[in-house]
Amino acid sequence: ALLLFALAKPLTDYAATLIGKDGRKAHGTATVTPTKDGTGTEITVTLADDTPGATRPWHIHTGTCEQGGGVVGGGRAYAPIVIDNKGQGAGKATLAVALADTTTYYVNIHDAAAAMGIIVACGDLKKP
């Protein structure tokens, strides 16, 4: 009976509103849900009002937009977001790790692979 109780423990969902940094108009949303088996994490990101044709690397990091930390789940798990001719883009990633509900996380949208230090948009993940 104890094992069933442990398996029934709800896993945390997170959401973030992505806000443009340094005067950029780009904005969007991120949603994070546990994988069905509870061992991983699925992330969906949408962007709007961004530069058409841009390719944006992105990641979940530990910490907050104001106080950054390391990438969660390894950078290769995240395919870059390609911005279409309307300034919109979307990305998905599945991580092999679950997000701990005792840690803070944020989503960072980087300018380009050659300009990772420039942040286009950022949002702190919050439990809804």
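Which net charge results when you count Lys and Arg as +1 and Asp and Glu as -1 among the other residues whose beta-carbon is under 11 Å from that of K86?
Residues near K86 contribute -3 overall.
Write out the trypsin sites (Lys or Arg not before Pro) in segment 38-115 meeting two conditions: DSSP loop, and at most 13 other Cβ atoms within 10 Å of their Cβ.
Qualifying residues, ordered by number: K86.
With +1 on each Lys and Arg Cβ and -1 on each Asp and Glu Cβ, how big is the dipole of segment 68-128 about its Cα centre, in debye rounded to the nearest 20?
120
Considering Cα pairs under 8 angstrom that are at least six residues apart, work out the relative contact order of segment 11-116 and quote it in whole percent.
Averaging sequence separation for qualifying contacts and normalising by length gives 29 percent for segment 11-116.
With label points built 7 Å along Cα→Cβ from the Cα atoms of T102 and D49, find their separation and express it in nm.
3.9
Given the DSSP H assignment, sum -39500 (n - 2.57) over each helix run of at least 4 residues in the chain and divide by its residue total; what's the result at 222 nm in deg cm²/dmol, nearest 500?
The helix-only estimate for the chain comes to -1500 deg cm²/dmol at 222 nm.
Provide the FRET efficiency to the nearest 0.05 for the D22-E42 pair, computing r from the beta carbons and using R0 = 35 Å.
Step by step, r from the Cβ atoms, then E = 0.75.
Placing unit charges on C-beta atoms (Lys and Arg positive, Asp and Glu negative, everything else neutral), compute the dipole magnitude of the chain about its Cα centre in debye, rounded to 20.
100
Quick one: ranking I119, I43 by accessible area, 1.4 Å probe, largest first, what do you get?
I119, I43
The values are calculated or read from the model by the stated rules, or taken from the named source; none is laboratory data. A quick note: this is a predicted structure, and the numbers were derived from the prediction, not measured. Positions of Cβ are generated from backbone atoms using ideal geometry, with glycine treated the same way; all protein chains shown enter the neighbour counts. Quick note on the areas: whole protein, heavy atoms, side chains included, nothing else; ligands and nucleic acids left out. Shrake-Rupley method; radii C 1.70, N 1.55, O 1.52, S 1.80 Å.
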